[in-house]
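Single-structure report; data block below.
Read-outs: derived from the displayed coordinates by stated rules, not from any lab. Just so you know, these numbers come straight off a predicted model, no measurement behind them. Here the Cβ positions follow ideal geometry from the backbone for every residue, glycine too, while neighbour counts run over all protein chains shown.
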Ligand code: NAD
């Protein structure tokens, strides 16, 4: 397939390289970065889009995805496919789908879980919204860039799944960090706490796989001075998208709201920017003064 890839940052570059290594013809474009050597340099998003079978976007936010998509959809070949793998708000994903429809282009929103490590190793999980036959048509591309893709239903549902997942992740990470802080003050050994909780009803991915306590559980960013990993800034972005969606559909999400407030304070007031999202643990302990 002839694939145009727009947005070659931390995630996009390794994803595009994996597609090129699998034998697809890759033309890349980034507003700021040169394309990796495995790809052909595109002159602009528009020129790249003109003769691509599939155009993949991996961009910072919904405003940028919309502006790039609205620019290139009119020049894409009728019947070609646009896949937006960026994490963006649900409303923007639905709007892009509507404009794609008007231009006879098939659109899928397909945000990912798995971070930069997953992008490099081709082990991302894709959550996909759009038409099922189009998902089936391009599923082999998801299989190259990832280990799993889940079809979630109508356009926008990929983004919905992503923000629901990450709202759970943010909330459980905060709860796990709070519990470690409480356990410390109660004199409970961290290893004992982990051994109990990771095999009990308080277990979660945050505790079992990504334990925020240094030296406890499998290797995680806490063992590397809380370098990301998954940056707190990106967690804050996703939690805000969840609140935006919750407001739009009048869903009651008090824990999601509390998680936004906590990450907002951590990132924007207390120097948490650039640290992994599990660094809530040392931050909370510091607030406690313990
Ligand atoms: P990034 O900032 O490293 O890359 C984005 C790239 O888009 C940049 O290189 C930028 O120059 C380019 N860009 C911006 N505007 C452009 C335009 N108009 N035309 C062409 N290129 C443009 O970000 P990233 O970490 O690669 O994340 C990309 C997306 O993936 C985001 O939506 C993010 O939320 C999501 N995501 C990131 C991670 C992660 O761990 N980094 C994990 C899951 C999802």
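Length gain on complete extension for the stretch residue 2 to residue 137, per 0.36 nm per residue less the alpha carbon to alpha carbon distance? Don't skip to the answer; put the middle values down first.
Numbers: separation 135, 0.36 × 135 = 48.60 nm, distance 1.41 nm.
Gain on stretching residue 2 to residue 137: 47.2 nm.
Got the relative contact order for segment 1-92 handy, in percent, Cα pairs under 8 Å and 6 or more residues apart? Write down the numbers at each step before the final one.
Working: 171 pairs, mean separation 26.9, N = 92.
Here the relative contact order equals 29 percent.
Can you give me the angle between helix 254-264 and the longest principal axis of the chain, using Cα atoms only, in degrees from 0 to 90, rounded to the nearest 10?
With both axes taken from Cα atoms, the answer is about 90 degrees.
Would you kindly calculate the mean projected area, averaged across all directions, of the convex hull enclosing the Cα atoms of the chain, in square nanometres?
On the way: hull surface 61.8 nm².
The orientation-averaged projected area of the Cα hull of the chain comes to 15.4 nm².
Using 19 Å as the cut-off for backbone N distance, which residues of segment 222-246 belong to the label zone defined by a point 7 Å from the Cα of residue 91 along Cα→Cβ?
237-246
Can you tell me, using C-alpha contacts under 8 Å and at least 6 residues apart, the relative contact order of segment 134-247 as a whole percent?
On the way: 80 pairs, mean separation 24.3, N = 114.
RCO, segment 134-247: 21 percent.
Enumerate the whole-percent occupancy of each 10 Å bin, from 0 to the last occupied one, for all C-alpha pair distances of segment 127-265.
Per 10 Å bin, starting at 0, the Cα pair percentages come out as 11, 32, 32, 20, 5, 1.
So if I take the centroid of the Cα atoms in segment 1-52 and the same for segment 217-267, what is the distance between those two points in Å?
Here the two parts' Cα centres lie 30 Å apart.
Between 66, 46, 137, where does the largest GNM mean-square fluctuation fall for the chain, given springs only between Cα atoms within less than 10 Å?
Between 66, 46, 137, it is 137 that shows the largest mean-square fluctuation.
Can you give the angle from 0 to 90° between the axis of helix 90-102 and the longest principal axis of the chain, with both taken from C-alpha atoms, to the nearest 10?
That helix lies at roughly 10 degrees to the long axis.
Give the share of C-alpha pairs in each 5 angstrom bin for segment 26-166, from 0 to the last occupied bin, in whole percents, shortest bins first.
With a bin width of 5 Å, the distribution comes to 2, 11, 21, 24, 23, 15, 5, 0.
What list do you get for 27, 134, 280 if you sort them by fewest beta carbons within 10 Å? Spell out each step's value before the answer.
Values: 27 23, 134 16, 280 29.
Going from least to most buried by this count: 134, 27, 280.
Per-residue ellipticity at 222 nm for the chain, helices alone: DSSP H runs ≥ 4 residues times -39500 (n - 2.57), over residue total, nearest 500 deg cm²/dmol? Each step should come with its number before you reach the end.
Values: 12 runs with 140 residues, N = 290.
Result for the chain, helices only: -15000 deg cm²/dmol.
Please work out the Cα convex hull volume for segment 1-75 and give it in Å³ per residue. Provide the component values of the computation, followed by the final result.
Details: hull volume 5.6 nm³, N = 75.
Dividing the Cα hull volume of segment 1-75 by its residues yields 74 Å³.
If R₀ is 35 angstrom, what is the calculated FRET efficiency for the pair residue 271 and residue 208, using the beta carbon separation as r and rounding to 0.05?
Working: r = 28 Å, r/R0 = 0.81.
After rounding to 0.05, the efficiency reads 0.80.
When the chain is treated as a GNM, springs tying every alpha-carbon pair under 10 Å, which of 114, 122, 23 comes out with the largest mean-square fluctuation?
It is 23.
Could you order peptides 179-190, 159-170 by the average number of other Cβ atoms within 10 Å of their residues, highest first?
Numbers: 179-190: 14.7, 159-170: 22.5.
Top of the packing list down: 159-170, 179-190.
Using a simple spin-label model with points 7 Å from Cα along the Cα→Cβ vector, what separation in nm is obtained for residue 37 and residue 240?
That separation, rounded to one decimal, is 3.8 nm.
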